[in-house]
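The values are calculated or read from the model by the stated rules, or taken from the named source; none is laboratory data. Source: prediction; values computed, not measured. Positions of Cβ are backbone-derived with ideal geometry, glycine not excepted, and every protein chain shown enters the neighbour counts. Surface accessibility is based on the protein's heavy atoms, side chains included, excluding ligands, DNA and RNA. Shrake-Rupley method; radii C 1.70, N 1.55, O 1.52, S 1.80 Å.
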Amino acid sequence: MKTPASPVRRPRDGTLKTALVDAGVALLRKRGPDGLSLRKCAAQAGVSHAAPAYHFKNLAGLSTAIAARGYSVFCQTMTARLEQADASAMDRLNAICHGYLDFASTQPELFLFIFSGQSFNKEDDEFDRHSSNAYAILREACAPFVPSGAEPEEVEILVWSVVHGYAHLTMTRKADSPRFRDSWPKLDLLLEHLDRALETGREPGR
């Protein structure tokens with residue numbers, strides 16, 4: 001007589017949540033956001049279909065955890081560029097812009113997912129920590145270029161708009177269009193224009 005298979009035990013050392021997020025990221029890469037489900041993530045992770053409920057109440061909870069992972073990797077790519085940058089404010093600003101593009105280029109599914117406009121749970125500790133850290137990196141790099149009396153967001157949103165738009169256009173292969181195939185500018189060229197604009201409003205000594 002064949003012995004019934006024993007049910008897969010749920011890990012209690014925190015590895016289950018990591019495994020489920022890993023599975024969610026893998027599904028996101030293979031099937032896109034519409035392919036995500038708690039049941040599919042459980043199957044991908046090799047656990048029972050009921051196991052995800054231990055960490056996530058619903059699909060929104062899993063999606064928030066995946067987005068938190070995305071923001072964590074996003075911060076790492078910008079920080080990696082910062083660690084190679086000179087001490088000058090302009091070089092550090094350019095470094096995070098290149099880190100932004102690195103993330104979009106190497107993690108396109110996560111890039112699109114975290115900026116998809118979904119209603120992630122902003123009260124989730126990990127999501128809040130990593131998403132806030134990502135913006136803090138941008139804010140710190142932009143701070144030296146905020147003119148006296150101006151709101152920091154004026155410069156932050158300007159820089160964010162330029163680099164995000166460029167990253168999104170590049171990753172969606174707009175550079176392959178016959179119209180731009182021979183004239184698509186490198187990020188450094190755009191940053192030269194941005195740098196000049198920011199230097200114009202920068203106070204001496206900052």
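The slack in the chain from residue 169 to residue 59, taken as 0.36 nm per residue of separation less the alpha-carbon distance, amounts to 36.7 nm.
At a probe radius of 1.4 angstrom, the accessible area of the chain per residue rounds to 59 square angstrom. Sticking with the crude label model, points 7 Å out along Cα→Cβ, report the distance from residue 119 to residue 154 in nm, one decimal please. Roughly 3.4 nm, to one decimal.
Lysine pair count for the chain with Cα-Cα distance under 21 Å and sequence separation of 8 or more or different chains is 8. Loop-located GluC sites (Glu not before Pro) in region 123-162 (DSSP state not H, G, I, E or B) with no more than 12 neighbouring Cβ atoms inside 10 Å: 123. Here is the list for region 107-191: trypsin sites (Lys or Arg not before Pro) lying in DSSP coil, each with at most 14 other C-beta atoms within 10 angstrom of its C-beta, are 122, 173, 179, 181, 186. With each label modelled as a point 7 angstrom along the Cα→C-beta vector, the residue 135-residue 22 pair spans 3.2 nm.
Measuring nothing but protein heavy atoms, the accessible surface of region 89-193 at 1.4 Å probe radius is 52 percent carbon and sulfur.
Our estimate of slack between residue 88 and residue 43, defined as 0.36 nm per intervening residue step minus the Cα-Cα distance, is 11.3 nm.
Checking (1) 82, 42, 30; (2) 74, 49, 28; (3) 47, 34, 29 against the coordinates, the calculated Cα extents along the principal axes in Å falls under label (1).
Taking 177, 116, 63 in turn, the Gaussian network model of the chain (Cα-Cα springs below 10 Å) assigns the largest fluctuation to 177. Checking every one of the trypsin sites (Lys or Arg not before Pro) in region 36-70 against DSSP loop status and a limit of 14 other Cβ atoms within 10 Å picks out 57. Note: relative contact order over the chain, using C-alpha pairs below 8 Å and six or more positions apart, is 18 percent. Considering only 25, 159, 146, the Gaussian network model of the chain with Cα springs below 10 Å gives its largest mean-square fluctuation to 146.
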